[in-house]
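This is the structure I want to talk about, given as structure tokens.
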Amino acid sequence: MSTASLLYGGPVTWVFQTGVLLEKEGHTIHIVAADEPESEAVKNSPLTVHGVGEGKGGYRYQPNIVEWAERHVHEYDVVVGHSIWAHPFKSLAEAAMRKGIPFFAIPHGMLDPYFTPRFSYQHFKKSIYYRLYLRKILENCSGVIYTCIAERELARTSFAPYQVQEFVMEFGAEIDLVNPADGKAAIEKILPEVSAQPYFVFLSRIHPKKACDIMIEGFGRALADSNYQLVVAGPGSDELISRLKEIAKSVGISDRVHFTGMLKGHEKAGALQGAQAFVLPSHQENFGIAIAEAMAYGTPVIISNKVNIYQEIQNEGAGLICTDEVESFSDALLNFVALSDEQKLKMGESAKQCHQKHFTIEGSAFSFLDIISGKIAR
């Protein structure tokens, strides 16, 4: 992995949750990551993490990982690579395949054409890298594992030629079983001005692709004259957060938009349990771990149709679907607020059932295990 830090979002969370579950089943899961050995990401991991040194730049270049892979990759029955555009992925893939160890790639949506718009510099740069390195790895590895069918279909359109062995696994998330009263108390402690009011919650990395600007502007347009609050929970750059606060001020809701930083444990559980709905009008979302977590708590979701699992949510009646535009998101909020208490309760129950049916960590872990077990030589 390029990093074992939870600040980098859902894929790291999934690796930890899946790894812990599979270790309980008797398997051994190790992570090698471009992190300092004494970093919080390494020391606080629930799994064994081999930190080989901090990766440099967006590519997370770290020459130590090449040496580590040469020395240790033969000790494992299978190697799985994430962060496909990063140096750790390339180094582990080349070492494993050279030594005859099954290697699987999990792109986590990073082959989505959203990230490489045609005729852009980004597409030009990645096209060169794809032709020089990534294509060979993906075409010759044991398989490329997608987290949903929509991801697979989108991946086929980004680069050509693209001829890989494809697998689709279930994907999911688990939640902390927190007593609702304890969760509520945790939220009251950090957000006393919110806990007594109805609120919507965004819980994710604060990143341009998450469409937080659209979320705040749409919230202001739909609920300007109300007591509804918006909790924005997640890590992000100071520059982007400042810009979002300016947007909130410009639409007259700065006193009702609350930035909390990253929430964990009881605070995270309380934020999701107590929310009217979870909101994410993202421009691109491969899966959305936090969406699954919200539904597991019985919280309805309001998401864009750019989230690759929106159809399952729509079909199960677990939330409302909008586009990644201000007007559409604003309309979705108004439609949700207009629902009766009984209708909201039913939607929350459907959300919990949707999670149980499609997005449990147990289903994901054993689906993943079934795929890789078919390629393990010993």
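The values are calculated or read from the model by the stated rules, or taken from the named source; none is laboratory data. Since the model is a prediction, treat every value here as computed from it, not as a measurement. Don't worry about glycine lacking a Cβ; one is built from the backbone with ideal geometry, like all the others, and counts go over all protein chains shown.
Please pick out the residue among Ile137, Ile175 that is over 22 Å from Asp77 (Cα atoms), touching a helix residue (DSSP H, G or I) at 6+ places or on another chain (Cβ under 7 Å) and crowded, with 18+ Cβ neighbours inside 10 Å.
Being over 22 Å from Asp77 (Cα atoms), touching a helix residue (DSSP H, G or I) at 6+ places or on another chain (Cβ under 7 Å) and crowded, with 18+ Cβ neighbours inside 10 Å holds for just one of Ile137, Ile175, which is Ile175.
Identify the single condition in (1) farther than 16 Å from Ser254 by Cα; (2) not assigned by TED's automatic domain parsing to the domain that holds Ile101; (3) not polar (S, T, N, Q) that Leu230 does not satisfy, given that it satisfies every other one.
It is condition (1) that Leu230 fails.
Follow-up. Can you pull out the residues in the stretch 335-378 that are surrounded by 17 or more Cβ atoms within 10 Å (Cβ to Cβ) and among the acidic types (Asp, Glu)?
Across the stretch 335-378, there are no qualifying residues.
Among the residues of the stretch 13-23, is there at least one that is among the charged types (D, E, K, R), surrounded by fewer than 21 Cβ atoms within 10 Å (Cβ to Cβ) and under 27 Å from Gly363 (Cβ atoms)?
yes
Here is a yes/no grid of residues against (1) touching a residue at least 12 places away in the same chain (Cβ under 8 Å); (2) within 23 Å of Ile313 (Cβ to Cβ):
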site: Gly143; (1), (2): yes, no
site: Ile149; (1), (2): yes, yes
site: Glu153; (1), (2): no, yes
site: Gln165; (1), (2): yes, no
site: Ala196; (1), (2): no, no
site: Phe202; (1), (2): yes, yes
site: Arg205; (1), (2): yes, yes
site: Cys212; (1), (2): yes, yes
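Where in the stretch 108-208 are there strands (runs of 3 or more DSSP E), lying fully within it, with 1 or more residues that are touching a Gly at 6+ places or on another chain (Cβ under 8 Å) and either of a type in the set (Gly, Ala, Ser) or within 27 Å of Thr13 (Cα to Cα) (or both)?
166-168, 199-203
Here are Gln229, Gln284, Gln276, Gln314: which of them is over 21 Å from the mean Cα position of the chain (by Cα) and either buried (at least 23 other Cβ atoms within 10 Å of the Cβ) or closer than 22 Å to Phe171 by Cα (or both)?
Residue meeting the stated conditions: Gln229.
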